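Remarks on the structure that follows.
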Amino acid sequence: CHLMRIRPKQDIVIPKYLAYYSLSDNARRYFMSVAKFSTMTTISQEDIAPMKIPIPPLSEQTEIASILSANDAKIEKAKSRLSKLQDMKKGMMMCEPDTVLFTLPALTNGCASNPFFVMRNCYSNDRN
């Protein structure tokens, strides 16, 4: 595996902004267009040098990087929640056919409008 270190002039471009830009569709298309394919795909420094990168003012770069970082955090949180819900579903589906996870009163104890609440309470046997 080969690595290339890029050190941008921080008075021109913020590293985090550059990192996010390099993950964009435009940058990826450029990288693929200059890549050399053999047993291993490679891109040289000379291939990257002519790449055109939109460089807004530093304040905008900071704002863009901040928004994208916040979105990444939300995505990770959602993925974690989804994973927990999938695990809960698998656990509930592994119950024996005669196992009663909840009864009708559990659905009407003020939480029937929120199925996740009901599922969580029934799954954990916490029936208020």
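The values are calculated or read from the model by the stated rules, or taken from the named source; none is laboratory data. Computed from a predicted structure; not experimentally measured. Every residue, glycine as well, gets a Cβ built from its backbone with ideal geometry; the counts of neighbours run over all protein chains shown. These area figures cover heavy atoms from the full protein model, side chains too; ligands, DNA and RNA do not enter into them. Shrake-Rupley method; radii C 1.70, N 1.55, O 1.52, S 1.80 Å.
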Using θ = phi - 60° and the Karplus form 6.51 cos²θ - 1.76 cosθ + 1.60, what ³J(HN,Hα) does each residue of the range 50-67 get, whole Hz, x for Gly and Pro?
-> x, 4, 8, 10, x, 10, x, x, 3, 5, 5, 4, 4, 5, 4, 4, 5, 4
Rounded, prolate or oblate: which fits the range 15-81 when a ≥ b ≥ c are the square roots of the eigenvalues of the alpha-carbon gyration tensor, with rounded for a/c under 1.5 and prolate only if a/b beats b/c?
-> oblate
Carbon and sulfur: what percent of the range 1-64's accessible surface (1.4 Å probe)?
-> 58
Residue-span extension gain [Ile6 to Asp47] - 0.36 nm each, minus C-alpha spacing | 13.5 nm
13 Å beta-carbon shell around Met32, net charge (K/R +1, D/E -1) | +1
